[in-house]
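Working notes, beginning with the structure itself.
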Amino acid sequence: MAAWVEGRVIERIEWTPTLFSLRVAAELAPYKAGQFTKLALQRGEQRVQRAYSFVNPPTTPYHEFYLVKIPDGELTPSLGALQPGDSLLVQSQATGFLTLDELPAGRDLWLLSTGTAIGPFLAMLAEGEAFRRFENLVLVHGVRKGEELTYQALITSLVEQHGPRFRYVPFVSREAWPGAMEGRIPAAIDAGSLQERVGMAFSAEHSQVMICGNPAMVKETQQSLLALGLAKNLRRAPGNISMENYW
Ligand SMILES: Cc1cc2nc3c(=O)[nH]c(=O)nc-3n(C[C@H](O)[C@H](O)[C@H](O)COP(=O)(O)OP(=O)(O)OC[C@H]3O[C@@H](n4cnc5c(N)ncnc54)[C@H](O)[C@@H]3O)c2cc1C
């Protein structure tokens, strides 16, 4: 049985009317960058729970979660109403295999995300191990509107710290946005425009690719990469592509 502990919101970050982050104080078992736990609220006899990835590297004294309020969602409107000092339930044991220790060696690390699924990649990048293991790192973030390109201060500090080894590529699908690519990630891989922007090809020899977020994006991106000769990364058959669906 999973153990639940009480957590306390210590800070909220408002990004947009629907995007927010919660910093939570809670006594949790050790976890790895890229993993997720469950947050829950008690409603009478019922505990309403959902999975959320850690955005913070595991060494920080708090746990940070990046969420989108789903209109008519069962849990997120209530999580979105939590204020500093409010309590919630947190599963103490994290889980998940979207972690660096599941990846074979490689030269280039591509981190492809949509929406709030940039979170586990920010945890990995901030933690630093990804920069020790890979020569070139690319963070791709697909959103609908430019205002959803969040965590810019952290991303800018990574760019400043690591220089040309680290590239950040935002995608905005529903409006033109300065510096962002238009459209969707799999279409840009098929067209070669993402590779052109980064100045690097996908290759079975050198690339490790992690994909996280919207299941349609995850599936289509995987198909695009398979067509380029990359293979799924499985424990029994190491390859290039590791994935996590958010729903
Ligand atoms: C491994 C894992 C990690 C996750 N980590 C996060 C996270 O860090 N942040 C986060 O916001 N969500 C995350 N999710 C999704 C989260 O668990 C919930 O599904 C989400 O918060 C919706 O909960 P709800 O009860 O409000 O909506 P529900 O009533 O359960 O409605 C679910 C529907 O909401 C939509 N939806 C769910 N998640 C998202 C999303 N992230 N972006 C856009 N639409 C979505 C889908 O259409 C889905 O069918 C994760 C899911 C998994 C499986």
Open item on the list: Amide H of residue 232 versus every other amide H placed in the peptide plane: which residues, excluding those fewer than 5 positions away on the same chain, fall under 5 Å?
Closed with: 240, 241
Open item on the list: Multiplying the sequence separation of residue 62 and residue 74 by 0.36 nm and subtracting their Cα-Cα distance, what value in nm do you get?
Closed with: 1.8 nm
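Let me spell out the model: positive unit charges on the Cβ of Lys and Arg, negative unit charges on the Cβ of Asp and Glu, origin at the Cα centre of segment 175-245. What dipole size does that give, in debye rounded to 20? All intermediate terms of the calculation are to be shown ahead of the outcome.
Values: 6 positive and 7 negative charges, 77 e Å.
Dipole about the Cα centre, nearest 20: 360 debye.
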Task: Positive-end residue of 163, 126, 193, charge dipole of segment 100-245 with Cβ unit charges - done: 193
- [ ] Can you tell me how much longer the chain between residue 47 and residue 205 gets when fully stretched, taken as 0.36 nm per residue apart minus their C-alpha distance, in nm with one decimal?
- [x] 52.3 nm
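Please say if the chain is rounded, prolate or oblate, where rounded means a/c under 1.5 for a ≥ b ≥ c the square roots of the C-alpha gyration tensor eigenvalues, and otherwise the choice is prolate for a/b larger than b/c and oblate otherwise?
On the way: a/c = 1.77, a/b = 1.51, b/c = 1.17.
Since a/c reaches 1.5 and a/b is larger than b/c, the shape of the chain is classed as prolate.
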Task: Rounded, prolate or oblate (a/c below 1.5 giving rounded, otherwise prolate when a/b exceeds b/c) for segment 105-247 by Cα gyration tensor - done: rounded
Open item on the list: Suppose all protein chains stay in the model; what accessible area per residue would a 1.4 Å probe give for segment 4-91, in Å²?
Closed with: 48
Task: Table column - 3J(HN,Hα) (Hz), segment 136-153, Karplus curve with 6.51, -1.76, 1.60, x for Gly and Pro - done: 10, 10, 10, 10, 10, 10, x, 9, 7, 10, x, 5, 7, 7, 8, 6, 5, 5
- [ ] Extending each Cα 7 Å along its Cβ direction at residue 25 and residue 193, get the distance between those two points in nm, one decimal.
- [x] 4.8
Open item on the list: Along the charge dipole of segment 4-91, pointing to its positive end and built from +1/-1 on Cβ of Lys, Arg, Asp and Glu, which listed residue (56, 78, 10) has its Cα farthest out?
Closed with: 56
Open item on the list: If I model a spin label as a point 7 Å beyond the Cα along the Cα-Cβ vector, how far apart are those points for residue 132 and residue 175 in nm?
Closed with: 4.2
Open item on the list: Cut-off under 20 Å on the C-alpha distance; same-chain residues fewer than 8 positions from residue 232 excluded. Which aspartates and glutamates are left, in chain and number order?
Closed with: 101, 102, 108, 190, 205, 220, 244
- [ ] Could you list the trypsin sites (Lys or Arg not before Pro) in segment 204-247 that lie in coil according to DSSP, counting only those with at most 14 other Cβ atoms within 10 Å of their Cβ?
- [x] 235, 236
- [ ] Please give the calculated 222 nm ellipticity per residue for the chain, where each DSSP H segment of at least 4 residues contributes -39500 (n - 2.57) and the sum is spread over every residue; nearest 500 deg cm²/dmol?
- [x] -6000 deg cm²/dmol
Task: Fully extended contour minus Cα-Cα distance, from residue 153 to residue 231, at 0.36 nm per residue - done: 24.7 nm
- [ ] Output ³J(HN,Hα) for segment 60-65: one whole-Hz value per residue in order, computed from phi by the Karplus curve 6.51 cos²θ - 1.76 cosθ + 1.60 with θ = phi - 60°, and x for Gly and Pro.
- [x] 6, x, 10, 10, 10, 10
TODO: Kindly report the accessible area of segment 176-229 per residue (heavy atoms of protein chains, probe 1.4 Å, no ligands, DNA or RNA), in Å².
DONE: 47
Task: In Hz, Karplus ³J(HN,Hα) per residue of segment 45-58 (6.51, -1.76, 1.60; θ = phi - 60°; x = Gly, Pro) - done: 7, 9, 9, 8, 10, 9, 7, 9, 7, 6, 9, 7, x, x
Open item on the list: Under a crude label model (7 Å from the Cα following the beta-carbon direction), how far is residue 107 from residue 3 in nanometres?
Closed with: 4.6
- [ ] Please quote Rg/Rh for segment 4-91 to two decimal places, taking the Kirkwood radius as Rh and restricting both calculations to Cα atoms.
- [x] 0.93
- [ ] Go through 177-183, 239-245 and give me the packing order, highest mean Cβ count within 10 Å leading.
- [x] 239-245, 177-183
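The values are calculated or read from the model by the stated rules, or taken from the named source; none is laboratory data. Because the structure is a prediction, the values reported are computed rather than measured. Glycine gets a Cβ as well: all are built from the backbone with ideal geometry, and neighbour counts include every protein chain shown. Ligands, DNA and RNA are stripped out before the accessible areas are found, and what is left, the full protein with its side chains, is counted by its heavy atoms. Shrake-Rupley method; radii C 1.70, N 1.55, O 1.52, S 1.80 Å.
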